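Report on the structure given below.
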Amino acid sequence: MLVRREVRRVAELLALLFSMSGSLAAASPRDKPKRVPAESSGEISAALCGRGRGGHAKLASTLDEFDPIALPATWREVEIDKLQRWLDAPICHGASVPEAKLYNSRRMVLDELGRRLERAKVTEQIGTALARFRDLRPRSDEWPSSSECGGCAALRSSAARVADVASRWPPRTSTKLGARLGEAAKRESLIAELCAAKPSPGAREEIERRFRYYSWTADGIRLLEVAAFFEQPESVAGCQGR
């Protein structure tokens, strides 16, 4: 009986060791998929300092005579995620005084591109929040007249203008820098129209204070959503300074 127990324990131990060796083999580096090396930040840093040749150096050199209005063709085709790698690249190791000066000059241009891209993202966020108002057609027959409720008329007018802007809002069509900035520039005139349509805070307050019943109707809820739209962070950021 004792011998049988010992034999069983040995068998269980061998089975455990066998399963562990199989798990270790499965986790072996030989069986793991190989990573494709990402674009080296060192290569970009070197290019910004004026070192090396090839694609990075050529792309960096176009930053020296950069036209902020007409983006160079080489940068128009750059993917957005690639621009971020250029923005994140530190100064090259052991930079001389001329190299540091060149790096800083080129970084100023990259930073400007970064700011323009951030503004483009703001316009895209506004478009996302605006999309639900494309088919908004507020009715006036259920609401108090303009003489009875000035805030009601103001909010209806604002909603109609917001719906009109929403219907003309251009979508994002590309992940490339040139197209992304171009699309954002086209949206700026629409943002100006949108910000001009912003109702006064008093309009919403008047409705909720004097005509609360109308704020509970289907149209009333949509109109108050328009007022709330202008209070959202993306709308505040888009209208800042206007």
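The values are calculated or read from the model by the stated rules, or taken from the named source; none is laboratory data. Just so we're clear, the structure is a prediction, and the values are computed from it rather than from any experiment. No Cβ is skipped: glycine too gets one built from the backbone with ideal geometry, and neighbour counts run over all protein chains shown.
P138: surrounded by fewer than 17 Cβ atoms within 10 Å (Cβ to Cβ) and assigned by TED's automatic domain parsing to the domain that holds L223, yes or no?
It is false that P138 is surrounded by fewer than 17 Cβ atoms within 10 Å (Cβ to Cβ) and assigned by TED's automatic domain parsing to the domain that holds L223.
Kindly evaluate A89 against the criterion of being in contact with a Ser or Thr (Cβ under 9 Å, 6 or more places away or on another chain) and surrounded by 14 or more Cβ atoms within 10 Å (Cβ to Cβ).
yes
Just to be sure, is S158 under 24 Å from the mean Cα position of the chain (by Cα), among the polar types (S, T, N, Q), more than 18 Å from R76 (Cβ to Cβ) and not assigned by TED's automatic domain parsing to the domain that holds A57?
Criteria not met by S158.
For every residue, the table says whether it meets (1) closer than 18 Å to E118 by Cβ; (2) of a type in the set (D, E, K, R); (3) modelled with pLDDT of 85 or more.
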residue: W143; (1), (2), (3): no, no, no
residue: A159; (1), (2), (3): no, no, yes
residue: V165; (1), (2), (3): no, no, yes
residue: P171; (1), (2), (3): no, no, no
residue: P233; (1), (2), (3): yes, no, yes
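So is T74 in contact with a Leu (Cβ under 6 Å, 6 or more places away or on another chain) and either within 26 Å of T173 (Cβ to Cβ) or at pLDDT below 90 (or both) or not?
Considered against the rule, which asks whether it is in contact with a Leu (Cβ under 6 Å, 6 or more places away or on another chain) and either within 26 Å of T173 (Cβ to Cβ) or at pLDDT below 90 (or both), T74 comes out as yes.
When the residues of region 154-169 are narrowed to those that are without any contact (Cβ under 8 Å) to a residue 40 or more places away in the chain and not hydroxyl-bearing (S, T, Y), which ends up farthest from L83 (Cα to Cα)?
It comes out as A160.
Answer yes or no: is there a residue in region 150-157 that is among the basic types (K, R) and closer than 20 Å to A131 by Cβ.
No, region 150-157 contains no residue that is among the basic types (K, R) and closer than 20 Å to A131 by Cβ.
Taking region 59-71 on its own, how many of its residues are within 23 Å of the chain's Cα centre (by Cα) and surrounded by 15 or more Cβ atoms within 10 Å (Cβ to Cβ)?
1
Listed residues E79, E99, E112, E148; which is over 25 Å from the mean Cα position of the chain (by Cα) and either buried (at least 18 other Cβ atoms within 10 Å of the Cβ) or within 30 Å of A46 (Cβ to Cβ) (or both)?
Testing whether each residue is over 25 Å from the mean Cα position of the chain (by Cα) and either buried (at least 18 other Cβ atoms within 10 Å of the Cβ) or within 30 Å of A46 (Cβ to Cβ) (or both) leaves just E99.
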